[in-house]
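Working notes, beginning with the structure itself.
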Amino acid sequence: MRHGANNLAPRVGMLGGTFDPVHLGHLRSAVELHEALALDRLHMIPAQQPPLRGRPQVSAQQRLALLQAGIGDTPGLLADDRELQREGPSYSVDTLTELRAEYGEQARLVMAIGFDAFLRLAQWHQPERLFELAHLVVIARPGYSDSLPAALTELVGKRRVDSVETLMLKPFGGYLTLALPSLMAISATHIRQRISAGKSVRYLVPAPVEQAIQHHGLYQQRE
Ligand code: ATP
């Protein structure tokens with residue numbers, strides 16, 4: 001149940017990524033994030049061209065199709081293709097600007113990222129501006145410790161809040177790390193490596209994603 005004057009403000013999350021391919025670490029985190037933040041909707045948004053990494057092996061349309069297959073009819077999760085409609089690098093500030101315009105000034109907008117991605121946040125395009133548009137929720141990931149590089153502490157330190165309730169009092173500007181109940185040591189890199197080595201990815205990705213990967217012969221070659 002939600003209480004207080006801002007009861008009616010929509011709560012909207014964004015989980016961007018390469019999703020090359022989507023796996024159960026993404027999807028289970030998405031479901032638990034949706035629950036933990038009492039979100040109305042979580043937009044899962046594949047990047048057309050991730051600015052800080054090499055070109056994905058499969059096309060953006062294929063990654064989107066796998067994401068759609070993975071989400072299926074999961075309540076509250078949405079495969080959002082907006083970054084595939086834009087030319088050039090996929091900057092989160094542009095995506096958040098669009099979501100802010102769509103959901104309005106009062107919406108609680110949350111950008112969620114895993115701890116590995118968070119460690120590079122200070123190198124993102126206009127990192128300060130992200131906090132004028134949304135809150136940042138960092139999802140703990142197995143294998144990453146809590147200590148932050150100095151540039152990151154400078155960026156997020158003063159924005160840190162200690163609970164979801166405090167975070168959601170305002171529409172944007174806060175930062176919180178969340179340890180979701182089901183930490184999953186699954187990465188897309190590991191999945192691509194297994195497929196190219198002819199090994200099974202069963203129970204690492206949803207069954208429809210495994211079937212689509214097999215059907216289209218994706219990720220067969222070594223990186
Ligand atoms: P890769 O291995 O290719 O780098 P990845 O598995 O980290 O990929 P991305 O598409 O880069 O997947 O991830 C999208 C977002 O989801 C990032 O913020 C990332 O930190 C987060 N994420 C990925 N895997 C997990 C996981 N197992 N648990 C929690 N968050 C995750």
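The values are calculated or read from the model by the stated rules, or taken from the named source; none is laboratory data. As the structure is a computational prediction, the values presented were derived from the model and not from experiment. Quick reminder, even Gly has a Cβ in these numbers, built from the backbone with ideal geometry, and neighbours come from all protein chains shown. For accessibility, only protein heavy atoms count, side chains too; no ligands or nucleic acids. Shrake-Rupley method; radii C 1.70, N 1.55, O 1.52, S 1.80 Å.
Go from 0 up to the bin containing the longest alpha carbon distance in the stretch 44-150, width 10 Å each, and give me the % of pairs per bin.
Bins of 10 Å from zero give 13, 40, 39, 8, 0 percent of pairs.
Rounded to the nearest 10 Å², what accessible area does ASP20 show when all protein chains are kept and the probe is 1.4 Å?
Probe radius 1.4 Å; accessible area of ASP20 about 10 Å².
Mind checking the dipole of the stretch 5-185: about its Cα centre, +1 per Lys or Arg Cβ, -1 per Asp or Glu Cβ, Debye to the nearest 20?
On the way: 17 positive and 20 negative charges, 54 e Å.
Roughly 260 debye, rounded to the nearest 20.
Tally up the carbon and sulfur contribution to the accessible surface of the chain as a whole percent, 1.4 Å probe, everything protein left in place. Can you show the working numbers first?
Details: 5730 of 11290 Å².
Of the solvent-accessible surface of the chain, carbon and sulfur hold 51 percent.
Could you tell me the calculated FRET efficiency between MET184 and ARG159, based on Cβ-Cβ distance and R0 = 30 angstrom, to the nearest 0.05? Before the final figure, lay out each step's value.
Details: r = 27 Å, r/R0 = 0.90.
Given R0 = 30 Å and the Cβ-Cβ separation, E is 0.65.
Taking the stretch 76-151, which GluC sites (Glu not before Pro) meet the DSSP loop condition and have no more than 15 other C-beta atoms within 10 Å? Spell out each step's value before the answer.
Details: sites: GLU83, GLU87, GLU98, GLU102, GLU105, GLU128, GLU132; in loops: GLU87, GLU105.
Loop-located and lightly packed - GLU87, GLU105.
Beyond 23 Å, what share of the Cα-Cα pairs of the stretch 115-223 is found? Please give it as a whole percent.
Counting every Cα pair in the stretch 115-223, those more than 23 Å apart make up 47 percent.
Short version: ³J(HN,Hα) in whole Hz for each residue of the stretch 186-197, in order, from phi by Karplus 6.51 cos²θ - 1.76 cosθ + 1.60 (θ = phi - 60°), x for Gly and Pro, what are they?
10, 10, 5, 4, 4, 5, 4, 5, 5, 5, 5, 8
Please report, in debye to the nearest 20, how large the charge dipole of the stretch 136-221 is about its Cα centre when each Lys and Arg carries +1 at its beta carbon and each Asp and Glu carries -1 there. Don't jump to the answer; show the numbers that get you there.
Details: 9 positive and 5 negative charges, 42 e Å.
Its charge dipole is roughly 200 debye.
Report the extension gain between SER145 and ARG28 in nm, rounded to one decimal, defined as 0.36 nm multiplied by the number of residues separating them, less their alpha carbon distance.
Working: separation 117, 0.36 × 117 = 42.12 nm, distance 2.08 nm.
Stretched out fully, the SER145 to ARG28 stretch lengthens by 40.0 nm.
Send over a whole-number figure in Å² for the accessible area per residue of the chain, probe 1.4 Å.
Here the per-residue accessible area is 51 Å².
Report ³J(HN,Hα) in whole Hz for each residue of the stretch 173-185, in order, from the Karplus equation J = 6.51 cos²θ - 1.76 cosθ + 1.60 where θ = phi - 60°; Gly and Pro get x.
x, x, 9, 8, 9, 10, 9, 6, x, 10, 5, 10, 7
Would you work out which of SER196, VAL209, ILE186 lies farthest towards the positive end of the dipole of the stretch 162-223, given +1 charges on the beta-carbon of Lys and Arg and -1 on that of Asp and Glu, about the Cα centre?
SER196
Points 7 angstrom from Cα along the Cβ direction at SER196 and GLN123: gap in nanometres?
Modelled inter-label distance: 2.0 nm.
Under the Kirkwood approximation for Rh and a Cα-based Rg, what ratio Rg/Rh is obtained for the chain? Walk me through the numbers before you get to the answer.
Details: Rg = 17.2 Å, Rh = 18.0 Å.
Rg/Rh for the chain comes to 0.96.
Most fluctuating residue of GLY17, GLY70, GLY157 in a GNM of the chain with Cα springs under 10 Å: which is it?
It is GLY157.
What list of ³J(HN,Hα) values in whole Hz, one per residue of the stretch 64-72 in order, does the Karplus curve 6.51 cos²θ - 1.76 cosθ + 1.60 (θ = phi - 60°) give from phi, with Gly and Pro shown as x?
Karplus values, whole Hz, x for Gly and Pro: 5, 4, 5, 4, 4, 5, x, 6, x.
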